[in-house]
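Chemist: Have a look at this one before I ask anything.
The values are calculated or read from the model by the stated rules, or taken from the named source; none is laboratory data. These numbers were taken from a predicted model, which means no experiment stands behind them. Here the Cβ positions follow ideal geometry from the backbone for every residue, glycine too, while neighbour counts run over all protein chains shown. Only protein heavy atoms, including side chains, enter the accessible area calculation; ligands, DNA and RNA are left aside. Shrake-Rupley method; radii C 1.70, N 1.55, O 1.52, S 1.80 Å.
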Amino acid sequence: MSTRDSHLSEMPLPLFETDEAEILPVTPAGRLPSYIADHRKRLRARFRDAGATALPDYELLELVLFRAVPRQDMKPLARALLDRFGDFNGVVSAPAQRLLEQTGVGEAVVDELKLIEAAAQRLARARVIGRSVISSWDALLDYCRTAMAHRDTEHFRVLFLDRQNALIADEEQARGTVNHVPVYPREVVKRALELNASALILVHNHPSGDPTPSQSDIDMTSRVGAAAEALDITLHDHLVIGRSQEFSFREAGLI
């Protein structure tokens, strides 16, 4: 391979235009410093040969950041982001404005992270849409965790099911504050009728990380259940998603 070809192979084309502040100088030959180029080669090879499970969070995050910043050691930034947001999921799910507060993060890094987040949600959703929630309950929980566990405000969504308990629609109904989200039972039931849904699963998150429902959560669930029952629509469950676990109203005997 020629020197020019070798250089090109070490420079992954970024998906988005880069705009990060600190770019390391290249060598006189126009190549990356060898310690960075070699590190990137080794990390990509480990990912190809052993898969993502062989990489700790900071190395997987480095691989993502490589595309956004082609000529910089990304390990310090990866570790700083993990220190700030907890884990890989916390980083990719963090709000754009909070990510931009981190030194070394610009729009290109945010774009790459939000692309990973969107892809993860699409993949998780594809595993449950159109399938019976009874036979794919674990996949449904994975989807809810992926979509909601790391939000910094409360989000309320409704999963609409048909007569075979297959998921026909998943819609976010409201967004709130860090500890409250407004829910209107009549709007939930109205939408169920529009979709010809026979059953519902309510889902919302607790940014605090503790999925224990509040009294207002319990009262709201009761009101939605009553409104649904009046129209022969079944409320199967209400899931509260925390950082590392979830709370099921049905399992707790609250439905």
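Chemist: Of all the strands (runs of 3 or more DSSP E) wholly in region 165-255, which have at least 2 residues that are in contact (Cβ under 8 Å) with a residue 24 or more places away in the chain and open to solvent by 30 Å² or more (accessible area, probe 1.4 Å)?
Modeler: Counting at least 2 such residues, we get 234-241, 246-248.
Chemist: Does region 147-163 contain at least one residue that is in a loop (DSSP other than H, G, I, E, B), over 23 Å from F88 (Cβ atoms) and open to solvent by 20 Å² or more (accessible area, probe 1.4 Å)?
Modeler: yes
Chemist: Right, something else. Quick check on region 115-130. Is at least one of its residues at pLDDT 85 or above, more than 30 Å from D162 (Cβ to Cβ) and open to solvent by 50 Å² or more (accessible area, probe 1.4 Å)?
Modeler: There is at least one residue in region 115-130 that is at pLDDT 85 or above, more than 30 Å from D162 (Cβ to Cβ) and open to solvent by 50 Å² or more (accessible area, probe 1.4 Å).
Chemist: Output the residue which, of all residues in region 51-95 that are assigned to a helix (DSSP H, G or I) and among the acidic types (D, E), is modelled with the highest pLDDT.
Modeler: Filtering first and then ranking leaves D83.
Chemist: If you don't mind, there's one more thing I want to ask. Hey, any hits in region 198-218 for a residue that's more than 20 Å from C144 (Cα to Cα), touching a Leu at 6+ places or on another chain (Cβ under 7 Å) and among the hydroxyl-bearing types (S, T, Y)?
Modeler: yes
Chemist: Please identify the pairs in which a residue from region 114-130 that is assigned to a loop (DSSP other than H, G, I, E, B) has its Cβ atom under 8 Å from the Cβ atom of a residue that is β-branched (V, I, T), counting only partners at least 6 apart or on another chain.
Modeler: G130/I168
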